[in-house]
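Asker: For reference, the structure I am asking about is given below.
The values are calculated or read from the model by the stated rules, or taken from the named source; none is laboratory data. None of the values given here were measured: they were computed from a predicted structure. Virtual Cβ from ideal backbone geometry, glycine too; neighbours counted across all protein chains shown. To get the accessible areas, we keep the full protein, side chains included, count just its heavy atoms, and leave off ligands, DNA and RNA. Shrake-Rupley method; radii C 1.70, N 1.55, O 1.52, S 1.80 Å.
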Amino acid sequence: MMIYKKTLLLIIFLCITFFSVSALSFASPSMGEPLETGTIFLAEQTINFEINPFILNGEIMVSARGLCEKLGTQVFWFEKTGEVVSYRDNIFVKFVPNSQVAYVNGKPKNMSVSAMIYKGELFIPASFAAKTLEMNYSTSIETNTLSIDYRENLLEYQQIGLRHFKRINLANWGISFYVPEYWNKLEETSQSYGVEDPFETYHLEARIYPLTKQYSRAILTESILSDLRFQYDENVHISTNSTYKMGEYIADVLHYDITDEGVTTQYAVYIFFEQNNGYVLMGSYPSSNNQTESIEILDSIASTFAITKLSINENLEHYTELPIFYDLNMRLKSEIYSNMPIQNMFSFNGTIDIDQNIKGFHIIVSKDDNETEYYVPITDGEFATKIYTPFGLGKHNITVIADDTTENIIDENAAIPTENDEEEQADTQDPEIQDPDTPLPSLPSLEEMVAKAIMMNFDLDANKTVMKFSVLNTSSDEIKYLLPSEYVNYDNTTIYNISNSLTYNLTNQYTKSKALYTFIATHYALSETVNPEGLYNAVELTELKNANAIELCILYTSLLRSVDIPARISRGISEEGISYWVETYINGKWYISSIVDDIKQGDGTTSFFNLNRSAYYELFSTVEFLPF
């Protein structure tokens, strides 16, 4: 019986081993296997790869880098992780070794076959890449072929005014624009389009200038003008040089004419500058054309200009992980993808390599003209926080920028002064004598400190951007006046303990707000001095008994928000000077509470609590809400 059991166990073990090895060898082909090859066509031309595509589970597997490069996408390969990232037409795709999941604009998508390392390259299902990058493609199981065509090879049309326009796609440059339907390509050797007939003549030439970070649109424009003056001297006449928004982009627009051998040609030149690339649309027409109509046509063309793939188009919806994301070996633990629906907030959790010189992340949240900033510290390579979208219903754009310590690292090779050096230096320096008539440096004013406090992300380095994405807030509640901030930092047990002890037995917002107001009015004195190092935040103010006008407002706002009462700090300017107060949102209306005036009055009353807003505003020539 014992021999039978041992024999049975051995048979089961061998079967499991056999099937496991078979499955593994099938899913990950070895270099010695005779593999059935596949063929991929692009625009009816065979694509040649360094490592031939092969068939696996009915799919043509192909080098991710090789295929994406042939398709003209922006491609990144990260040696540390083996991941390949492709970007085209604001479609961001990440392929991960030994995973059946690819990430499209941050969202996980299942592939029919797992990505795998083969001969040192990451191989992926070719059809998945073609479909995800929105190419036109077809497959043939009988011939093991995949035929791909650029979707831009299919003509697209649109009506602009009374004219019918067709789309021109310059795939190698990653740009597109529309021209009148009856225009044709004029020269095979350049990107020139137009028409030449007895009734009208137009020429339009597109040019691209790959430039460095030292360039800008203004520098490129001035360079073009200098070349014109050098080449044509007195024969060129510059009529206008202006800056306009053409469609989704800002362009410098030049209008000039050139006279050559008695013939004058009019020019309209549109200069775009995006992602360190200069793009120029140079339109020209003879003086015999109707000038108003000619400029209208060329303006219409320029207004359709679009960057489609070779650089990240931030004007469209997107999700992008930039190279620094991979340098940090960043891993997100929370799900984030382009246009992810949320309600007022989402989680931002993950890890980076612990040996990176990164203190934290600056998070910029923007919607239309509104913008706010959060800071996420990193501890032992981990970060975890909630990001709020405070500007109501609709798309919020998120930018993540690394806060590194590399600029503060001391040069280990730098000479360290010794005691003898310091003594010699002291001997050679004359003692500094304060002239009694020289005034002492003045301390900063309260207004200067407020201006410094509300300045936002002025020193952030865009070159340290880690990732960008957009989320869709499905809540119409504008919660920005309920959120903690750098100074209104009520998300702290000290603030909660104070506010809860004062309001725990109160049932409505009016009585709660008055209890908090009375606490400050009776426990704090108004200080006319300013801390030269900056304003105190709410938590720091709980340890003090004196505060200046803006700090009193900061403390009151923090206590209000901690009990879910929307509150904001306002500033008014009049002939008498500058005033600060707090506004509370109670029962559908904003009320004014001037805690500063009540403390000034010093009689223990609450005369300036819950004032009528309209009447109070009339005291000031200017009223503004401060972003605390």
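Asker: Given the pairs Lys367/Lys514; Lys109/Lys468; Lys94/Lys464, which span a C-alpha to C-alpha distance of over 23 angstrom in this model?
Answerer: In this structure, Lys367/Lys514 lie more than 23 Å apart at Cα.
Asker: Please compute the per residue accessible area over segment 245-301 with all protein chains in place, 1.4 Å probe, rounded to a whole number of Å².
Answerer: Dividing the accessible area of segment 245-301 by its residue count gives 40 Å².
Asker: Taking 22 Å as R0, compute the FRET efficiency from the Cβ-Cβ separation of Glu181 and Tyr244 and round it to 0.05.
Answerer: According to the calculation, E is roughly 0.30.
Asker: Does segment 519-628 come out rounded, prolate or oblate, given a ≥ b ≥ c as the square roots of the eigenvalues of its C-alpha gyration tensor, rounded meaning a/c under 1.5 and, failing that, prolate meaning a/b above b/c? If you can, show how the numbers build up before the last one.
Answerer: On the way: a/c = 1.40, a/b = 1.22, b/c = 1.15.
It comes out rounded by the Cα gyration axes.
Asker: At what distance in nm do the modelled label points of Ser347 and Leu393 sit from each other, each positioned 7 Å from its Cα along Cα→Cβ?
Answerer: 2.8
Asker: Top to bottom by accessible area (1.4 Å), largest first, where do His164, His237 land?
Answerer: Descending accessible area places them as His237, His164.
Asker: If you don't mind, another one. Counting only protein heavy atoms, what percent of the accessible surface of segment 473-521 is carbon or sulfur at a 1.4 Å probe?
Answerer: Its accessible area is 47 percent carbon and sulfur atoms.
Asker: If you take the beta carbon distance between Arg331 and Ile578 as r and set R0 to 51 Å, what does 1/(1 + (r/R0)^6) give as a FRET efficiency, to the nearest 0.05?
Answerer: Once rounded, the FRET efficiency stands at 0.60.
Asker: With a 1.4 Å probe and all protein chains kept in place, how do Glu50, Glu205, Glu321 rank by accessible area, largest first?
Answerer: Glu50, Glu205, Glu321
Asker: Which net charge results for the neighbourhood of Asn505, defined as the other residues with beta-carbon distances under 14 angstrom from its beta-carbon, given Lys and Arg at +1 and Asp and Glu at -1?
Answerer: Summing Lys and Arg as +1 and Asp and Glu as -1 gives +2.
Asker: Quick check: from the Cα gyration tensor, does segment 457-515 come out rounded (a/c under 1.5), prolate or oblate? The partial results should precede the final answer.
Answerer: On the way: a/c = 3.64, a/b = 1.99, b/c = 1.83.
Here segment 457-515 falls in the prolate category.
Asker: Express the carbon and sulfur contribution to the solvent-accessible surface of segment 549-628 as a percent, rounded to the nearest whole number, probe 1.4 angstrom.
Answerer: Carbon with sulfur: 46 percent of the solvent-accessible area.
Asker: Order the peptides 327-337, 271-281 from the highest to the lowest mean number of other Cβ atoms within 10 Å of their residues.
Answerer: Going by the mean number of other Cβ atoms within 10 Å, highest first, we get 271-281, 327-337.
Asker: Per residue, how much accessible surface does segment 456-605 expose to a 1.4 Å probe? Answer in Å², no decimals.
Answerer: With the other protein chains kept in place, segment 456-605 gives 46 Å² per residue.
Asker: If you average 1/r over every pair of different alpha-carbon atoms in segment 159-240 and take one over that average, what Kirkwood value in Å do you get?
Answerer: Across segment 159-240, the inverse of the average 1/r is 15.6 Å.
Asker: Based on the Cβ-Cβ distance from Thr494 to Lys80, what FRET efficiency comes out when R0 is 51 Å, to the nearest 0.05?
Answerer: Efficiency at R0 = 51 Å is approximately 0.75.
Asker: Once you place label points 7 Å from the Cα toward the Cβ at Ser112 and Lys600, how far apart are they in nm?
Answerer: Inter-label distance under the simple model: 7.6 nm.
Asker: Report the dimensions of segment 89-171 along its three principal axes from the alpha-carbon atoms, largest first, rounded to Å.
Answerer: Reported extents, whole Å, longest axis first: 55, 35, 21.
Asker: Also: Thr37 accessible area, nearest 10 Å², 1.4 Å probe?
Answerer: That residue has around 80 Å² of solvent-accessible surface.
Asker: Share of segment 68-152's accessible area from carbon and sulfur, percent, 1.4 Å?
Answerer: Looking at segment 68-152 in its full context, I get 46 percent from C and S.
Asker: Solvent-accessible area per residue for segment 87-144 at a 1.4 Å probe radius, Å²? Present the calculation step by step, with values, prior to reporting the outcome.
Answerer: Values: 2470 Å² over 58 residues.
Averaged over the residues of segment 87-144, the accessible area is 43 Å².
Asker: Can you check how the C-alpha radius of gyration of segment 512-571 compares to 2.2 N^0.38 Å, as a plain ratio?
Answerer: On the way: Rg = 11.2 Å, N = 60, 2.2 N^0.38 = 10.4 Å.
Taking the Cα Rg and dividing by 2.2 N^0.38 Å, one obtains 1.08.
Asker: At a probe radius of 1.4 Å, what is the per-residue accessible area of Met340, in Å² to the nearest 10?
Answerer: For Met340, solvent-accessible area is about 20 Å².
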